[in-house]
1. Can you tell me which residue in region 321-356 is most open to solvent (accessible area, probe 1.4 Å), limited to those that are among the aliphatic types (A, V, I, L, M) and not in a helix (DSSP H, G or I)?
2. Being part of a loop (DSSP other than H, G, I, E, B) and surrounded by fewer than 20 Cβ atoms within 10 Å (Cβ to Cβ) is the filter here; which residues of region 91-107 pass it?
3. Only one of these is open to solvent by 20 Å² or more (accessible area, probe 1.4 Å), among the charged types (D, E, K, R), under 19 Å from Met456 (Cα atoms) and within 21 Å of the chain's Cα centre (by Cα): Arg542, Arg549. Name it.
4. Condition check: part of a loop (DSSP other than H, G, I, E, B), buried (at least 17 other Cβ atoms within 10 Å of the Cβ) and of a type in the set (Gly, Ala, Ser). Does Ala240 satisfy that?
5. Any idea which residue in region 675-690 is modelled with the highest pLDDT, counting only those that are buried (at least 21 other Cβ atoms within 10 Å of the Cβ) and out of contact with any strand residue (DSSP E or B) (no Cβ under 6 Å at 6 or more places or on another chain)?
6. Based on this model, can you work out whether Val185 counts as modelled with pLDDT of 95 or more and more than 27 Å from Lys254 (Cβ to Cβ)?
7. One residue is enough: does region 460-483 have a residue meeting the conditions of a type in the set (S, T, N, Q) and either within 27 Å of Leu372 (Cβ to Cβ) or modelled with pLDDT under 95 (or both)?
Amino acid sequence: MSCSSAVLCYNWRRSVDFVQEIMIRGYGMIKEQDKLFILETKNTSYVFYIDESGLLQHLYYGEKIDLSKDAVLALQQKYPNPNGCSAVLSKDASTLALDDTCLEFSTRGKGDMREAFAELELRDGSRSSDFRYWQHVIRTEKVSPEGLPASYFEESAESIAPAANPEAVANSLVVKCKDNNSNAVLELVYTAFEDCDCIVRSSRIINSGEEDIIVRRLMSLQLDVEWERSKVTSFHGDWAREMRAEELCMAGGKYVIDSGTGFSSNRQNPFFMVSEPQAGEYFGECYGFHLIYSGGHKEVVEMTSHGKTHIVTGMRPEDGWFLLKAGEELYAPEAVMTYSDTGYEGISRSMHRFVREHIVRGEWKKKERPVLLNSWEALYFHVNEKKIEKLASAASEIGIELLVLDDGWFKGRNDDTSSLGDWTADEKKLPNGLKGVAKKVKQRGLMFGIWVEPEMVNENSDLYRAHPEWAVRIPERDHAEGRNQMLLDLSNKEVVDYLIDSMSNVFEQSAADYVKWDMNRNFTDLYSQTLPKERQGEFLYRYMQGLYRLMGTLVKKFPHILFEGCASGGNRFDLGILSYFPQIWASDDSDAIARIGIQNGYSYGYPQSVIGAHVSGCPNHQTLRNTPLSTRYAVASFGVLGYETNISDASKEELTEMKAQIFLYKQWRKTLQFGQWYRLGGSVLERGQAYHSYFDKDLVKWIAVSEEQDKAVAITVQGQVTPHSGHHVLKTRGLKENASYHFYNIPVKHDLHRFGELINMIAPIHIKQDSLLHDTIAKFIKMDGAKEDITVSGSLLNKAGVHLAQTFAGTGYNQGTELYQDYDAAIYYIEEAE
């Protein structure tokens, strides 16, 4: 392999003293020095080396360190004697036991008993692999897997100075290993993202021989850590209750995160963390991991018998197999990892920046998102032009910027049993078609959005009757359905081409400004009628490639459209989707109290700018819970704000409150959507795992701090009130220590009905609760809420906090008292003082 200005090559078997360092405009550093590889970011070092046997031994990943002089000697594990009953690698390495060695990848057959990174089946049925270092390449460009979404670098005049070489914008390390048992090549790719302390890894298997190879598994990332005990934090759930955080301390065994649905799933999100057992929100060593993939995934955290923590993440091996003929290759998706010595908060800061800067892309990457009104919970399937026009009229009056026509608009779609796949407007509901209804909405000064579910088909549809072979089902057998629908076979190029054309037609007819892209069922009856028997194991992977081609083509064709992913809510909330769509609907559960746990769970690995969140009606349609409108807004404002309720039927008081909310949100939108999100004391995760004061009953405390640290918005939400515990302290994060800030709220007027018969404590005459007289008085008399208005230093806010007004505790109420009862929310605004 030759060297050039773009590619730097080196083969360890050529005994040359060679040192090469590349640093590209703050995008990370890769160093190599005599069998030692060092990847550096702003605050971290990742180190591995090639040992005498040609194995890639992992040495260190953590806080940035000096690696001069005897670094390798200090970091490498010594093997002077055999290791008990462990198998050794070979006669030449008679003391090297792989299951007691930190490696960059593990395989079957040579004594490594841990969860494998790669597993091949050869023609004779054997599955033993023996990959050794062959060569490496440092490329002055970002290396990404073909046919899959990937992280990226982008020039930014705001943050990056011009480079000496304008073409050199990124760099990746590619290490190639050859299997001594076959002619397979395993390629490991590393890219360092200096600005957000993240390292991205991926892998590729190449069949460079003549005989067929079956790939039984190919993961994306492996990390071995010298920790005898670890704590795993993972995020689980189901429909309407996504991202429930769970923690487990481990001293032995395996912890497995396994989606098993064909998609990334609401049951097991691919984001997870591994930390020291004592780590918490603000302290302790911690690693965070993401997978840039939307299909089935598997993560394993294994406590080995030799006192190490072994971590792998990647595509779910049980989802299939891959036949590689001579010259063929398989790409695994990218995975990203980050390290923090400041607990979960440090992981979140790095991951948020990584997602914002290196995953989300296109016109809407940093563009403020509009406040929308979605028709679903207002109308469900009962949509028509008059109802939409009525909603648009009400929406324009209160400051809504975008009206979304959800499910029910296309031919024959009156419930979920028919019509998916037939993407033409229902003439009975929309006599002027999509063009006509969109025109009427836009005449109200609103943008227009449309709901689609391209990947699905109903058996009762013209599309299925014309092309039954396009559905994912096994011919001549009964098939399982979900929500009365089947998946279309996106591994079939003909299907993807059809969907590109049909979706283009919908978007053009409606002049869409926004698209909600839904997906409402999991995989069953895995089979493609276009794949031969020996390649049926590749179906799910090929489906994902088809999906990414479909999304990528449409996003490129319609760059102005704001696409929002959805999959029965959060059933496909992952970095793969976010590589095409800048936001995802977080959950079909719009109940504010349930959403606190859901959005708090997402906050560990995802920034608020990618989280769709709506204010819905009450009683809530998923829980029948009643919560104040102010609380519904406060929770939804820590996301991309929308409304999903029939505002045509809302009261004058509700519309007035919504209008005020939207007006304020627009003023603070940049901070709320793109500021740094911090979980303050009392986060949902810590409540389940650590002691908290009996008197601290806030369900959540969040703050979003602007990038310039000159503005911030904080919210608190009360859980169930504890009697006689009216004192609360709000301590911030992320403000400039030496700056002065104006800290204030916007006092509210409280409805007298909230005090019930206590009104008789101040009324000159007796007033029966909820009587006509009570209602009449309440229309004209409101109770003033407490006012917060101080100017203090950032250090005080960050370190001491603000003692807020006393809340009502049954002993009196005046202008210095705040009404902060069950499920109430409070919002505080912080601005740097002149």
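The values are calculated or read from the model by the stated rules, or taken from the named source; none is laboratory data. This is a predicted model, so every value here is computed, not measured. So basically every Cβ, Gly included, is an ideal-geometry build from the backbone, and we count neighbours across all protein chains shown. Note: accessible area is taken over every heavy atom of the protein model, side chains too, but ligands, DNA and RNA are not part of it. Shrake-Rupley method; radii C 1.70, N 1.55, O 1.52, S 1.80 Å.
1. Ala326
2. Of everything in region 91-107, those that are part of a loop (DSSP other than H, G, I, E, B) and surrounded by fewer than 20 Cβ atoms within 10 Å (Cβ to Cβ) turn out to be Lys91, Asp92, Ala93, Ser94, Thr95.
3. Arg549
4. Judged against the criteria, Ala240 is a match.
5. The selected residue is Arg679.
6. yes
7. The answer is no; no qualifying residue exists.
Here's the yes/no breakdown for (1) open to solvent by less than 70 Å² (accessible area, probe 1.4 Å); (2) among the acidic types (Asp, Glu); (3) within 16 Å of Lys35 (Cβ to Cβ):
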{"residue": "Gln77", "(1), (2), (3)": "yes, no, yes"}
{"residue": "Pro80", "(1), (2), (3)": "no, no, no"}
{"residue": "Asn83", "(1), (2), (3)": "yes, no, no"}
{"residue": "Ser86", "(1), (2), (3)": "yes, no, no"}
